[in-house]
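Visitor: First, the structure itself, so that you have it in front of you.
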2 protein chains.
Amino acid sequence: MLLADIGNSRVHIYNGDEVTHLSHQRAIELYSHKQLHYITVKHQLKDRLKKLDNWRDISDKIILKNAYDTMGIDRKALCLSVSSGMFISAGSAITIDVVENGVYQGGFLLPGIQAYLKAYMDISPALQIEFNPNLLLDKLPQTTRDGISYGIIASIKLLVEKHQSNKKLYISGGDGLLLSSFLDNAVYDETLIFQGIKNALKKG
Amino acid sequence: MLLADIGNSRVHIYNGDEVTHLSHQRAIELYSHKQLHYITVKHQLKDRLKKLDNWRDISDKIILKNAYDTMGIDRKALCLSVSSGMFISAGSAITIDVVENGVYQGGFLLPGIQAYLKAYMDISPALQIEFNPNLLLDKLPQTTRDGISYGIIASIKLLVEKHQSNKKLYISGGDGLLLSSFLDNAVYDETLIFQGIKNALKKG
């Protein structure tokens, strides 16, 4: 059975082995004739998705104890991948959630790295930079490029560390690998959200 | 003598007593016939400003030791307001800079609070919220609104505290008062940047 996580920017499809990332349009073109179970946060697409006979919305199976009603279904699925830990999805937005023994403890959201960079660029052309992946975090920045890269990464890192204590970090999402390079005790795995869906389906 | 700080979004004019905030267009309409010294980060306006006979660009007087070349002139002026401290401008962008005995130590940039909110909103309509000014920072958020408000404020606060040690915070900018309510050992004063300009002019 194919599983799909339909995000704000892209569709992620898991065949049990690997994850394929596609635009919404392309995913529908390539997969509309295949049996597929999906979750989605793309509300604008819901009517169109319902018309696909082979696709089934399994959102109602994704139940995370103590989660709040409007919490994104993809965050809930990620939080169901492992019973305790800190869960980070670094995509269009960066979501950071804490779960203990299967019970949701709370969490928060930051813009995704591309959204951060666009926010700076929209403020002024002088703030249009390319993110510095080799940034050093142990000293105060002395250039605009590093001052922006540092603002993004150091603020995320400090916020993660504040709530991490001895928890393991489970990271997924398009910028997850990049972000994990700046964090300690972190595992990057792009299949996590699908492990969470599978765990939820087992219980349901 | 009137002093003006021409920012990316607005013009701030100081008459030695209070600060008036205007759109670029309105500031030029109301003040083009008055003697005024200005600094500007709005590069797109530079040619137009040069044509105003009564307005004088005093950027070359704003000299901060050890500052880097492309650092915004408004950040430099703010850093010249007091000889040692941590300086925060919370406007279109949030800039955070450290100065010790008049020597720049480095700094970093974050999106302004409105830029953050727009970044979330651009990611998804589900992330369009009104900032919660009464947010409590001592527990993990349990709603989208608080998760976003917390992401913004807690990340800024932690980054400030990491570099603050026993330094006093000097805060200006349109969201400065709001931001200062979440920070310790902070003074909000919208005239700081003009104190910095006056200090620079005294030296020059």
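Visitor: Name the residue that is nearest to the chain's Cα centre (by Cα), counting only residues in region A:148-167 that are of a type in the set (D, E, K, R) and under 20 Å from B:Ile152 (Cα atoms).
Guide: A:Lys157
Visitor: For residues that are among the aromatic types (Phe, Trp, Tyr) and farther than 17 Å from A:Ile152 by Cα, scanning just region B:88-147, find the one that is nearest to the other protein chains (Cβ to nearest Cβ).
Guide: B:Tyr104
Visitor: Residues that are charged (D, E, K, R) and crowded, with 23+ Cβ neighbours inside 10 Å: which strands (runs of 3 or more DSSP E) entirely in region A:1-119 hold 1 or more of them?
Guide: In region A:1-119, the matching strands (runs of 3 or more DSSP E) lie at A:2-6, A:93-100.
Visitor: Inside region A:155-180, can you point out the residues that are assigned to a loop (DSSP other than H, G, I, E, B), away from every other protein chain (no Cβ under 14 Å) and at pLDDT 95 or above?
Guide: Matches in region A:155-180: A:Lys168 only.
Visitor: Oh, and also: Name the residues in region A:120-146 that are farther than 19 Å from B:Ile73 by Cβ and not in a helix (DSSP H, G or I), would you?
Guide: Hits for region A:120-146 are A:Glu130, A:Phe131, A:Asn132, A:Pro133, A:Asn134, A:Leu135, A:Leu136, A:Leu137, A:Asp138, A:Lys139, A:Leu140.
Visitor: Considering only region B:181-190, state which residues are part of a loop (DSSP other than H, G, I, E, B) and either within 12 Å of chain A (Cβ to nearest Cβ) or in contact with a Ser or Thr (Cβ under 8 Å, 6 or more places away or on another chain) (or both).
Guide: Within region B:181-190, B:Asp189, B:Glu190 meet the criteria.
Visitor: Could you please find all residues in region A:146-161 being surrounded by 16 or more Cβ atoms within 10 Å (Cβ to Cβ) and free of Cβ contacts under 8 Å to residues at least 60 places away in the same chain?
Guide: A:Asp146, A:Gly147, A:Ile148, A:Ser149, A:Tyr150, A:Gly151, A:Ile152, A:Ile153, A:Ala154, A:Ser155, A:Lys157, A:Leu158
Visitor: Let me ask something additional. Would you be able to say whether some residue in region A:147-156 is out of contact with any Phe, Trp or Tyr (no Cβ under 7 Å at 6 or more places or on another chain), under 29 Å from B:Tyr104 (Cα atoms) and among the β-branched types (Val, Ile, Thr)?
Guide: There is at least one residue in region A:147-156 that is out of contact with any Phe, Trp or Tyr (no Cβ under 7 Å at 6 or more places or on another chain), under 29 Å from B:Tyr104 (Cα atoms) and among the β-branched types (Val, Ile, Thr).
The values are calculated or read from the model by the stated rules, or taken from the named source; none is laboratory data. Predicted model only: the values in this text are computed from it and were never measured. Virtual Cβ from ideal backbone geometry, glycine too; neighbours counted across all protein chains shown.
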